[in-house]
1. What FRET efficiency would be calculated for the residue pair LYS82, ASN215, taking the C-beta separation as r and a Förster radius of 30 Å, to the nearest 0.05?
2. Only Lys, Arg, Asp and Glu count, each charged at its Cβ (+1, +1, -1, -1), so figure out the dipole size of the chain about its Cα centre, rounded to 20 debye.
3. For region 6-127, how big is the tail of P(r) above 19 Å, as a whole percent of Cα pairs?
4. What order do you get for SER67, SER91 when you list them from fewest to most C-beta neighbours inside 10 Å?
5. Could you tell me the relative contact order of the chain? Use alpha-carbon pairs under 8 Å, at least six residues apart, and round to a whole percent.
6. Within 10 Å of each residue's Cβ, count the other Cβ atoms and sort HIS201, HIS213, HIS100 from fewest upward.
7. When a footprinting reagent is the concern and you count Cβ atoms within 10 Å, what order do LEU169, LEU216, LEU45, LEU110 take, fewest first?
8. State, to one decimal in nm, how far the label point of ILE19 lies from the label point of ILE256, with both points 7 Å from Cα in the Cβ direction.
Amino acid sequence: MKIFKFLQVKFIVLFEYIISGFLVGTLVGLTGVGGGSLMTPLLVLFFKFPTAVAVGTDLLYAAITKSAGAISHHKLGNVDWKIVKNLLFGSLPASYLVTHHLKEIDLYSLQNVEIINTSLGIALFLTSIAVLFQPIIVKKSVKQKLKTNLNISILTIILGFFLGVVVTLTSVGAGAIGVTALLLLYPKLQIKKIIGTDIAHAVPLTLFAGIGHFNLGTVDINLLIALLIGSVPGVLIGSKLSSRIDEKFLRLILVIILLIVGMQLIFKGNYV
């Protein structure tokens, strides 16, 4: 009888994870914003996962879910691999340095959990700003003049380093923040190529960072599988619904959610 109750509870919990994956996947399909901005806060605030475990699991979740998108964009010719290379020159060393630092500290101490949660909150705040102003930046960026190739390459590597730190620490930033920054650096590049390039960079970065977290013991495999089961159909359904729902309304709702969750993590972020 006790075994039956135990299995029943485990089934209910796994079902909740699958539903969460489905809901986040649907929102990703509707808005195009990466799951890290939505999934990690959900795991921390609702399911009460340790922040490090939520981040580590979400990184591998992102690497797997974005792989199909990267392959698709590559086949369509929407990936500028030179930009991806420069981003990785900055992001992979940054990810390694952050992972090495996390290895040296107690990820479950109240002080460090609070630091990571605050970092996550700030990343969500920056993401909300990026999501809000992205349409304006898209319109105005085409009017800007390109800088020299040397300056762009250096700035791209610096951007990669920034994304490597933020993504490895919070699992947030590879989507909206990356796209917005690339729009500013490459105003003449088509938006579809900006998105494809950003996704192509996100896959190796999140995989590298996710493996680093796996080695730290901050990845929940059962949670990862359940989220993937739910998210795949969610993304497909969300993508189909996106053409029927007003984009401005969705963008506004998403910005409000990200701001509220971000502020909650910043000011009340000591969850363990």
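Nothing in this text is a laboratory measurement; each read-out follows from the coordinates by a stated rule. Note that the coordinates shown come from a computational prediction; the quantities given were computed from them, not determined experimentally. A quick note on method: Cβ atoms are made from the backbone with ideal geometry, for glycine too, and the neighbour counts reach across all protein chains shown.
1. Efficiency at R0 = 30 Å is approximately 0.50.
2. So the dipole magnitude of the chain works out to roughly 880 debye.
3. So the portion of pairs separated by more than 19 Å is 60 percent.
4. Fewest to most other Cβ atoms nearby, the residues stand as SER67, SER91.
5. So the answer I get is 43 percent.
6. Ascending Cβ contact count within 10 Å gives the list HIS100, HIS213, HIS201.
7. LEU110, LEU216, LEU45, LEU169
8. 2.3 nm
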